[in-house]
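Undergrad: Below is the structure I would like to discuss, written out as structure tokens.
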Amino acid sequence: MSPIQDISWVNLLLSFVIIAIPLAGFWYYRVGLTKSTLIAIARMTLQLSAVAIYLEFIFEMNNPFLNLGWVLIMILVGVYTTLKRSNLNIKTLAVPLIISAITSLIIVDAFFLGAIIQLPYIFESQYFIPISGMILGNAMNHNIVGLNAYFEGLSNNQNLYYFLLINGKNKKTAINPFIVQAIRKALNPMIANTSVMGLISLPGMMTGQILGGNSPSTAIRYQIMIMLAIFTGCSINLMLSIILSNKVTFDKMDRISTTVLAKSKKGLR
Amino acid sequence: MSELEVENLTKVFGEKQIFSSLSFSVDKGQKVAIKGESGRGKTTLLRILAGIVAPDMGEIRYGYTLFNAHTAKSIRSKMAYLPQGIEFIAKDGNELCEMLFVDKAKVSKSLDALLLNTSILEQPFSELSGGEKQRMLTSIILGLSRPILLLDEPTSALDANSTKRLIELIWTLPDITLISTSHNPIWEKHCDKVISL
């Protein structure tokens, strides 16, 4: 296998030129995404550059507290982004979501890093940080879809919730259809993507490993493992987020609390 | 003993007072209509009676029991409630019956009285007309056999004949206490008590 072809800084800068094509399309159709695209690309470039510097330092130190601190920062940013994007109350729902993210990460990291890869040192930065990051990044995207669907459902179809609450046996009967809908909406795309993996999509981690000089066999084993880790992590995180959010979503009379829903979503009158 | 006792109920939305110091009682088996122009708080009052919306002041008692967080579950287990404008996630009436653990034999009896065939339970909600859906949902919640029935505009999608059938059905259930909102003079005429807002 030939060694990886490096990208020079000049060539990397040149690669930004190709963004002109989608931007031209946005301009032509008046999509209104030009500004947010430019901001997103600028942020991505700055963030990844900063992370590269920070990761070099973290990998060199390989200190468990430093590694945990970095993962904690990823969790906090992920939770903040999830709630902001879902237009939900940050003050009320941040704690349940942070607990969900930490719990799902502990389960998945302990199983895959400890039991499957059998790392002698589970906080090994080379494994702990990228694998946790992939799980958290994916979990954030799926949580945004899932929580949005759950709270939009409860907010827009409150009559159904109260119909099932009063006529059904308990609150579990009443919230179950909303939970089912949220999980389906959030995880269906991932299930579809998983089923065509290798056929019409070559995942980033595998591509990265092959580009990095690893054998396709090792790359694929890691990829299968990371797919299982991501699917499990996202599912646990979403279900726990809903279960724990429910503690603050309903009052003692099982009424939907309007404080959980952000300003755009109204309470029942 | 009254089935329902409402004392000094007040509800305000923003700066708009919906009703103030509203008091009334309902005896067991009585059929009650809440009437008033749109926006006067008929549905809000029904929701307060179901414990869905909190009043700003006042008390509600079912029997001798004060309706609050400690008693809500047991009081609600005696209620059947049909709001308007539900978007069902369940695909058809059968699935809804299973979710609510309703006795389908009782549902069939009500469906028959309301001129509907039991096979309507197999039809997707999206294929039902407004009147069919309303009659089917009413039949399903009557199948729960609960003593207190809270209905929001139960005849809003019904024609004169279906309204007549529904009245005949509910009025043959002497043990059921009915509290309904209404814009329908025929429905109100049959009620034992009309509360005007």
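Undergrad: Looking at B:39, B:63, B:51, which is the one that is within 13 Å of chain A (Cβ to nearest Cβ) and either in contact (Cβ under 8 Å) with a residue 12 or more places away in the chain or surrounded by 16 or more Cβ atoms within 10 Å (Cβ to Cβ) (or both)? Don't jump to the end; show me each part of the working.
TA: Numbers: B:39 fails: either in contact (Cβ under 8 Å) with a residue 12 or more places away in the chain or surrounded by 16 or more Cβ atoms within 10 Å (Cβ to Cβ) (or both); B:63 fails: within 13 Å of chain A (Cβ to nearest Cβ).
From the options B:39, B:63, B:51, the qualifying one is B:51.
Undergrad: Given the criterion within 12 Å of the chain's Cα centre (by Cα) and assigned by TED's automatic domain parsing to the domain that holds residue A:256, identify the matching residue among A:103, A:92, A:82. First the steps, then the outcome.
TA: Details: A:103 fails: within 12 Å of the chain's Cα centre (by Cα); A:92 fails: within 12 Å of the chain's Cα centre (by Cα).
Checking each option against the conditions leaves just A:82.
Undergrad: Pick from A:167, A:148: which is closer than 16 Å to residue A:88 by Cβ and among the polar types (S, T, N, Q)?
TA: Details: A:167 fails: closer than 16 Å to residue A:88 by Cβ.
Going through A:167, A:148 in turn, the sole match is A:148.
Undergrad: While we're here: If residue B:129 passes every condition in (1) within 14 Å of chain A (Cβ to nearest Cβ); (2) closer than 28 Å to residue B:37 by Cβ but one, which one does it miss?
TA: (1)
Undergrad: Can you pull out every residue in region B:80-93 that is surrounded by 17 or more Cβ atoms within 10 Å (Cβ to Cβ) and either more than 12 Å from every other protein chain (Cβ to nearest Cβ) or of a type outside the set (A, V, I, L, M) (or both)? So that I can check it myself, show each step before the final result.
TA: From region B:80-93, those surrounded by 17 or more Cβ atoms within 10 Å (Cβ to Cβ) are B:80-83, B:86, B:88-90, B:92-93; that's our starting set.
If the condition is that a residue be surrounded by 17 or more Cβ atoms within 10 Å (Cβ to Cβ) and either more than 12 Å from every other protein chain (Cβ to nearest Cβ) or of a type outside the set (A, V, I, L, M) (or both), then B:81, B:83, B:88, B:92, B:93 are the ones that fit.
Undergrad: Would you point out which residue out of A:73, A:99 is free of Cβ contacts under 8 Å to residues at least 60 places away in the same chain and surrounded by fewer than 16 Cβ atoms within 10 Å (Cβ to Cβ)?
TA: Details: A:99 fails: free of Cβ contacts under 8 Å to residues at least 60 places away in the same chain.
It is A:73.
Undergrad: Okay, next question. Need pairs with beta-carbon distance below 8 Å; first residue in contact (Cβ under 8 Å) with a residue 12 or more places away in the chain and within region B:179-194, second aromatic (Phe, Trp, Tyr); sequence gap 6+ or separate chains.
TA: Once the first residue is in contact (Cβ under 8 Å) with a residue 12 or more places away in the chain and sits in region B:179-194, its partners that are aromatic (Phe, Trp, Tyr) give B:180/B:187; B:190/B:171; B:193/B:24.
Undergrad: Does residue B:179 qualify as being in contact with a helix residue (DSSP H, G or I) (Cβ under 8 Å, 6 or more places away or on another chain), within 24 Å of residue B:39 (Cα to Cα) and either within 14 Å of chain A (Cβ to nearest Cβ) or charged (D, E, K, R) (or both)?
TA: Yes; evaluated as a whole, the condition is true for this residue.
Undergrad: Search region B:98-112 for residues being over 20 Å from residue B:148 (Cβ atoms) and in contact with a helix residue (DSSP H, G or I) (Cβ under 7 Å, 6 or more places away or on another chain), and hand back the single one that is nearest to the other protein chains (Cβ to nearest Cβ).
TA: This residue is B:99.
Residues are listed down the side, and each one gets a yes or a no for (1) away from chain B (no Cβ under 14 Å); (2) assigned to a helix (DSSP H, G or I); (3) buried (at least 21 other Cβ atoms within 10 Å of the Cβ):
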site: A:108; (1), (2), (3): yes, yes, yes
site: A:115; (1), (2), (3): yes, yes, no
site: A:134; (1), (2), (3): yes, yes, no
site: A:164; (1), (2), (3): no, yes, yes
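Undergrad: Spot the failing condition for residue A:142; the list is (1) surrounded by fewer than 14 Cβ atoms within 10 Å (Cβ to Cβ); (2) modelled with pLDDT of 90 or more, and only one is missed.
TA: Unmet condition: (1).
Undergrad: Across region B:153-175, which residue is farthest from residue B:190 (Cα to Cα) among those that are surrounded by 21 or more Cβ atoms within 10 Å (Cβ to Cβ) and either β-branched (Val, Ile, Thr) or touching a Gly at 6+ places or on another chain (Cβ under 9 Å) (or both)? Talk me through it step by step, then tell me what you get.
TA: Restricting attention to region B:153-175, the residues satisfying the condition of being surrounded by 21 or more Cβ atoms within 10 Å (Cβ to Cβ) are B:153-155, B:158, B:166, B:170.
Now restrict to residues that are either β-branched (Val, Ile, Thr) or touching a Gly at 6+ places or on another chain (Cβ under 9 Å) (or both): B:155, B:158, B:170.
Working: B:155: 13, B:158: 16, B:170: 11 Å.
Looking at the filtered set, the residue picked out is B:158.
Undergrad: Sort out which residues of region A:167-222 are touching a residue at least 60 places away in the same chain (Cβ under 8 Å), small (Gly, Ala, Ser) and exposed (fewer than 15 other Cβ atoms within 10 Å of the Cβ), and write them in order of number.
TA: Passing the criteria: A:212, A:213, A:215.
Undergrad: Would you be able to say whether some residue in region A:6-17 is more than 26 Å from residue A:145 (Cβ to Cβ), polar (S, T, N, Q), not in a helix (DSSP H, G or I) and not assigned by TED's automatic domain parsing to the domain that holds residue A:154?
TA: The first filter runs over region A:6-17 and keeps only residues more than 26 Å from residue A:145 (Cβ to Cβ), leaving A:6-17.
Now drop any that are not polar (S, T, N, Q), which leaves A:8, A:11, A:15.
Pick out the ones that are also not in a helix (DSSP H, G or I) and you get A:8.
Then drop every residue that is not not assigned by TED's automatic domain parsing to the domain that holds residue A:154, which leaves A:8.
Yes, because at least one residue in region A:6-17 is more than 26 Å from residue A:145 (Cβ to Cβ), polar (S, T, N, Q), not in a helix (DSSP H, G or I) and not assigned by TED's automatic domain parsing to the domain that holds residue A:154.
Undergrad: Sticking with this one: Can you tell me which condition residue B:74 does not meet? The list is (1) loosely packed, with under 15 Cβ neighbours inside 10 Å; (2) within 14 Å of another protein chain (Cβ to nearest Cβ); (3) among the polar types (S, T, N, Q); (4) more than 24 Å from residue B:100 (Cβ to Cβ), and all the others hold.
TA: (4)
The values are calculated or read from the model by the stated rules, or taken from the named source; none is laboratory data. All figures in this text were calculated on a predicted structure; none of them were measured in a lab. Reconstructed Cβ throughout: ideal geometry from the backbone, glycine too, with neighbour counts over all protein chains shown.
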